[in-house]
Amino acid sequence: MAEITITETEQRRTSARILDVREDFEVEDGMIPGALHIPMGQLQARLSELDPAVPVIAVCRSGNRSARVADALNGAGFTADTMAGGMIAWTQAGLPTT
């Protein structure tokens, strides 16, 4: 699993699937536009919602949960990275949210 920057995530938003693994109450504060929301605890049951042919960038609040998710996805045959700093870094940089 690679840890990528918020800038790299912004550049790859159209070619990768952004996967927001935060809890429902956390995404109320905003998500990266176009992101798919699957809370970490639901990932196994909802894995079929992801296309193994499309790279995944996992995102959480600070980068800890998303790193574990990216590792799990890579182990399941996906290509997955985690966004360093999570949504804290994303919003502090003034990048768009929905």
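The values are calculated or read from the model by the stated rules, or taken from the named source; none is laboratory data. Keep in mind that what you see is a predicted model, and the values were worked out from it rather than measured. Accessible surface is based on the protein model in full, side chains and every heavy atom, while ligands, DNA and RNA are left aside. Shrake-Rupley method; radii C 1.70, N 1.55, O 1.52, S 1.80 Å.
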> Which residues' amide hydrogens lie under 5 Å from the amide hydrogen of Ile18, considering only partners 5 or more residues apart or on another chain, with H built in the peptide plane?
Replying inline: Leu36, Ile57
> Using a 1.4 angstrom probe and counting only protein chains, how large is the accessible area of Met40 in Å², to 10?
Replying inline: 60
> Residue by residue through the range 27-33, which ³J(HN,Hα) values in whole Hz follow from phi under the Karplus form 6.51 cos²θ - 1.76 cosθ + 1.60 (θ = phi - 60°), with glycine and proline marked x?
Replying inline: 6, 4, 7, x, 10, 5, x
> What part of the accessible area of the chain, given as a whole %, is carbon or sulfur when the probe is 1.4 angstrom?
Replying inline: 48
> With the other protein chains left in place, how much accessible area per residue, in square angstrom, belongs to the chain at a 1.4 angstrom probe?
Replying inline: 51
> Relative contact order, percent, of the chain when contacts are C-alpha pairs under 8 Å separated by at least 6 residues?
Replying inline: 37
> Non-local amide H neighbours of Ala80 (under 5 Å, H modeled in plane, Pro and chain starts lacking H): which ones?
Replying inline: Val56, Asn74
> What are the ³J(HN,Hα) values, in whole Hz, obtained from phi via the Karplus relation 6.51 cos²θ - 1.76 cosθ + 1.60 with θ = phi - 60°, for each residue of the range 42-53 in sequence order, with x given for Gly and Pro?
Replying inline: 9, 4, 4, 6, 10, 4, 5, 6, 9, 9, x, 7
